[in-house]
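Novice: Sharing a structure below in structure tokens format, with a few things to ask.
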Amino acid sequence: MQTIQTGQKKVALTNKDLNSMFFRSLFLLGSFNFERAQNMGFCFVMIPAIKRLYKPGKERNEALARHMEWFNTHPWLTAPIFGVTAAMEEEKANTGKVDETAIAAMKIGLMGPLAGVGDPLFWGTSRPVLAALGAGIAMTGSIIGPLLFFVLINAIRLTCKWYFLRYGYTKGSEIIQDMAGGRIKKLTEGASIVGLFVMGALVSKWTTINIPIVATKINGKTQTVQDILDSVMPGMLALILTLFVSWLLKKGVNPLLIIFAIFGLGILGKWLGFLG
Amino acid sequence: MNIIQIILILLVAGIAGMGSVLDEAQTHRPLVACTLIGLILGDVKTGIILGGTLEMMALGWMNVGLAMAPDTALASVISTLLVINTHTSIGEGIAIAVPLAAAGQALTIFVRTIVVFFVHKGDDFAQKGNYRAIEWMHVIALGLQALRVMIPTGIVLALSTSAVEGVLKSIPTVITGGLQIGGGIIVVVGYAMVINMMDVPELKPFFYLGFLFAAFTKFNLVGFGGLGLILALLYLQLEYSGKNNNSQAAVASAGSSQQSNSSADDDLDDDLDD
């Protein structure tokens with residue numbers, strides 16, 4: 001202890017180090033692999049901090065090696081984890097009071113809950129909503145569609161990644177209490193509610209199924225099967241099909257198989273005239 | 001096509017390929033990738049329309065955990081290239097895009113398996129403290145993901161346009177028309193993926209609520225987003241305030257877990273008051 005207090009100066013990450021980590025975190029998934037998922041990406045992002053905190057030698061090597069372990073979460077919500085990890089590494093380098101297992105435990109403890117928030121919030125809500133919005137405009141041939149999607153989704157992403165990296169770093173290991181306090185559970189629930197609600201709307205409005213078979217002909221007015229279904233409940237077939245596919249996926253059926261089956265159905269329907 | 005266009009197309013192919021694994025800037029989404037290819041080929045409108053059409057099919061395709069979605073990068077780049085160069089319809093574009101999405105998925109799985117080798121190299125470099133070599137391993141892995149889309153695109157660019165056009169035009173209309181119909185329906189697979197990801201039985205009613213609202217009102221997507229947000233806030237307020245009162249009223253009968261819950265909720269309320 002004495003040597004640490006008298007012999008060594010306190011090392012701290014600079015703003016530049018954090019900026020560098022932020023920049024690197026935009027390439028986190030580059031080496032995604034089936035053995036340890038985002039492990040090397042994690043190490044790649046931590047390198048500026050490790051370089052600052054540990055002089056070449058055993059400690060630096062150990063630091064590099066401990067961030068090569070299995071890691072996987074939502075790529076945009078890794079930011080707070082990087083922040084906390086940096087803060088803990090800084091403390092470890094300065095006081096030696098934080099041990100390796102604490103850092104590993106924190107990473108593993110945070111990645112599950114954060115994936116639980118990130119997947120419904122970003123993949124389940126933000127992206128499909130903005131993409132559907134953009135695609136709707138794009139189908140009229142307007143460049144506004146792609147631009148709207150690209151600009152908005154990236155504004156959300158970069159803001160989150162920038163802010164949460166610093167938030168994690170300033171809060172340090174305190175953040176774990178934040179998570180334990182149930183805030184994460186609330187966020188996950190809230191995100192899932194918005195996601196499910198919007199998905200319900202998308203199923204109804206943004207799916208195109210049409211059965212043009214003529215059902216009735218009264219006074220020259222034709223009514224197709226689709227017209228009748230729509231008068232009962234618009235989007236009914238889409239809902240049934242979505243629930244059926246959801247069930248198939250839960251049974252472990254490969255999504256690509258389902259996709260090809262639906263295209264097969266489309267061709268069959270076109271050929272026999274029951275879909276249009 | 002001149003040499004600059006070819007270089008730019010390969011560049012976009014590489015960016016889309018990297019985007020597909022990184023999942024950051026969303027350059028692999030059809031809305032972005034198709035538009036860029038259209039821009040390079042001087043027919044941005046076709047690119048945008050095809051991008052919008054493919055995007056609607058792929059809404060909700062996502063990588064969760066270790067599961068891979070069908071690959072939109074390869075599908076978007078090559079289908080736009082072929083549709084514009086051979087002057088075929090959007091229907092043919094979908095016909096090309098679907099098998100390509102499957103092929104792209106197989107290729108990215110292949111690359112993600114190969115990367116394991118580079119990760120093991122990275123382990124060795126970490127032992128030696130050679131951080132620069134680890135960086136290289138990471139960058140090479142990313143480069144492989146770029147090549148995964150660039151090489152097939154290069155092969156397509158090398159094919160004679162008239163030959164490809166002949167093949168595309170020989171597809172019977174019942175197939176292209178059928179695929180277009182399928183394209184309108186296929187989006188349900190993405191919806192189902194998203195719904196399964198948020199598989200909480202007590203929240204399922206919100207899905208049906210959204211469905212009913214959309215079926216009988218004229219709200220647009222922004223409206224649905226806002227409405228969903230308000231519902232979420234209301235639900236959370238009711239759920240947590242309700243629990244708090246209950247646990248205060250029945251402290252004696254409440255178990256230790258219940259108490260720890262309520263204290264956590266108090267923290268949350270404090271947080272919300274901030």
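Novice: Pull up the cross-link candidates among the lysines for A:Lys205, meaning alpha carbon to alpha carbon under 17 Å and not fewer than 8 places away within one chain.
Specialist: Qualifying lysines at Cα under 17 Å: B:Lys218.
Novice: Listed here are the pairs A:Lys92/A:Lys186; A:Lys250/B:Lys204; A:Lys186/A:Lys250; A:Lys250/B:Lys169; which of them are more than 27 Å apart at the Cα?
Specialist: A:Lys92/A:Lys186; A:Lys250/B:Lys169
Novice: Give me the three principal axis extents of the stretch A:222-276 from the C-alpha atoms, as integers in angstrom, largest value leading.
Specialist: 42, 26, 9
Novice: Just to be sure I understand: with springs between alpha-carbon atoms less than 10 Å apart, which residue in B:Asn63, B:Asn196, B:Asn85 has the highest mean-square fluctuation in the Gaussian network model of chain B?
Specialist: Result: B:Asn196 has the largest fluctuation of those listed.
Novice: I've got another one for you. To the nearest 10 Å², what's A:Glu35's accessible area with a 1.4 Å probe?
Specialist: Counting only protein heavy atoms, the figure is 70 Å².
Novice: Show B:Lys169, B:Lys218, B:Lys128 ordered by accessible area, largest first, where the area counts protein heavy atoms only and the probe is 1.4 Å.
Specialist: B:Lys218, B:Lys128, B:Lys169
Novice: Would you mind checking which residues have amide H under 5 Å from A:Ala37's amide H? H placed 1.01 Å from N; only 5 or more apart, or other chain.
Specialist: Hits under the 5 Å cutoff: none.
Novice: A follow-up question, please. Ordering A:Arg60, B:Arg29 by accessible area with a probe of 1.4 Å, largest first, what comes out? Intermediate results must be reported in sequence, preceding the final value.
Specialist: Working: A:Arg60 25, B:Arg29 5 Å².
Sorted descending by solvent-accessible area, the residues read A:Arg60, B:Arg29.
Novice: Sticking with this one: Ranked by accessible surface with a 1.4 Å probe, highest first, in what order do B:Val83, A:Val11 come?
Specialist: A:Val11, B:Val83
Novice: Where in the stretch A:11-31 is the amide nitrogen less than 18 Å from a point lying 7 Å along the Cα-to-Cβ axis of A:Glu62?
Specialist: What the label zone holds, given the 18 Å backbone N cut-off, is A:11.
Novice: So what's Rg/Rh here for the stretch A:11-164, counting alpha carbon atoms and using the Kirkwood radius for Rh? It would help to have the intermediate numbers written out before the result.
Specialist: Values: Rg = 17.9 Å, Rh = 16.8 Å.
The Rg/Rh ratio comes out at 1.06.
Novice: At 1.4 Å probe size, what's the solvent-accessible area of A:Leu148? Round to the nearest 10 Å².
Specialist: Rounded to the nearest 10, the figure is 50 Å².
Novice: Could I ask something else about it? Can you pull the one-decimal nm distance between simple spin-label points at A:Val214 and B:Ile7, each 7 Å off the Cα toward Cβ?
Specialist: The two pseudo-label positions are separated by 6.1 nm.
Novice: How large, in percent, is the carbon and sulfur part of the accessible surface of the protein assembly as shown at a probe radius of 1.4 Å? Please report the intermediate quantities before stating the final value.
Specialist: Numbers: 15680 of 23610 Å².
Within the protein assembly as shown, the accessible surface is 66 percent carbon and sulfur.
Novice: Is there a quick way to get the dipole size of the stretch A:42-102? I mean about its Cα centre, with the Cβ of Lys and Arg at +1 and of Asp and Glu at -1; what is the value in debye to the nearest 20?
Specialist: My answer is approximately 240 debye.
Novice: Step through the residues of the stretch B:120-129 one at a time and calculate ³J(HN,Hα) from phi using the Karplus curve (6.51 cos²θ - 1.76 cosθ + 1.60, θ = phi - 60°), rounding each to whole Hz and writing x for Gly and Pro.
Specialist: Result, ordered by residue: 5, 4, x, 4, 4, 5, 4, 4, 8, x Hz.
Novice: Through the Karplus equation 6.51 cos²θ - 1.76 cosθ + 1.60, θ set to phi - 60°, convert the phi angles of the stretch B:225-234 into ³J(HN,Hα) values in whole Hz; use x for Gly and Pro.
Specialist: Taking θ as phi minus 60°, the curve returns x, x, 4, x, 5, 5, 4, 4, 5, 4 Hz for the stretch B:225-234.
Novice: Can you list the residues, at least 5 places off or on another chain, whose amide H is less than 5 Å from the amide H of A:Thr224, using H built in the peptide plane?
Specialist: A:Ala215
Novice: Also, quick follow-up: In Å² (nearest 100), what accessible area is buried between B and A, both sides summed, heavy protein atoms only, 1.4 Å probe? Don't jump to the answer; show the numbers that get you there.
Specialist: Details: alone 16290 and 17020 Å², together 23610 Å².
The contact between A and B buries close to 9700 Å².
Novice: Also: Under 8 Å for C-alpha pairs, at least 6 residues apart: give me the relative contact order for chain B, rounded to a whole percent.
Specialist: 19 percent
Novice: Okay, moving on. Strictly over 27 Å apart at the Cα level, which of A:Lys221/B:Lys45; A:Lys185/B:Lys121; A:Lys10/B:Lys128; A:Lys251/B:Lys121; A:Lys97/B:Lys121 would you flag in this model? Please list the in-between numbers first.
Specialist: Working: A:Lys221/B:Lys45 38 Å; A:Lys185/B:Lys121 38 Å; A:Lys10/B:Lys128 25 Å; A:Lys251/B:Lys121 38 Å; A:Lys97/B:Lys121 31 Å.
From A:Lys221/B:Lys45; A:Lys185/B:Lys121; A:Lys10/B:Lys128; A:Lys251/B:Lys121; A:Lys97/B:Lys121, over 27 Å: A:Lys221/B:Lys45; A:Lys185/B:Lys121; A:Lys251/B:Lys121; A:Lys97/B:Lys121.
Novice: Using a 1.4 Å probe, what is the accessible area per residue for the stretch B:15-80, in Å²?
Specialist: Counting only protein heavy atoms, the per-residue value for the stretch B:15-80 is 20 Å².
Novice: Apply the Karplus parameterisation 6.51 cos²θ - 1.76 cosθ + 1.60, with θ equal to phi minus 60°, to every residue of the stretch A:98-108 and state each ³J(HN,Hα) to the nearest whole Hz, in sequence, with x for glycine and proline.
Specialist: Result, rounded to whole Hz: 8, 9, 3, 5, 5, 5, 4, 5, 4, 4, 5.
Novice: Could you pull out every one of the lysines with an alpha carbon less than 19 Å from that of A:Lys16, ignoring same-chain neighbours closer than 8 positions?
Specialist: Excluding near neighbours in sequence, the set is A:Lys51, A:Lys55, A:Lys161, A:Lys171.
The values are calculated or read from the model by the stated rules, or taken from the named source; none is laboratory data. The structure displayed is predicted, hence computed values, not measured ones. For neighbour counting, all protein chains shown are included, and Cβ atoms are generated from backbone atoms with ideal geometry for every residue, glycine included. Side chains are part of the model used for accessible areas, which takes the heavy atoms of the whole protein and leaves out ligands, DNA and RNA. Shrake-Rupley method; radii C 1.70, N 1.55, O 1.52, S 1.80 Å.
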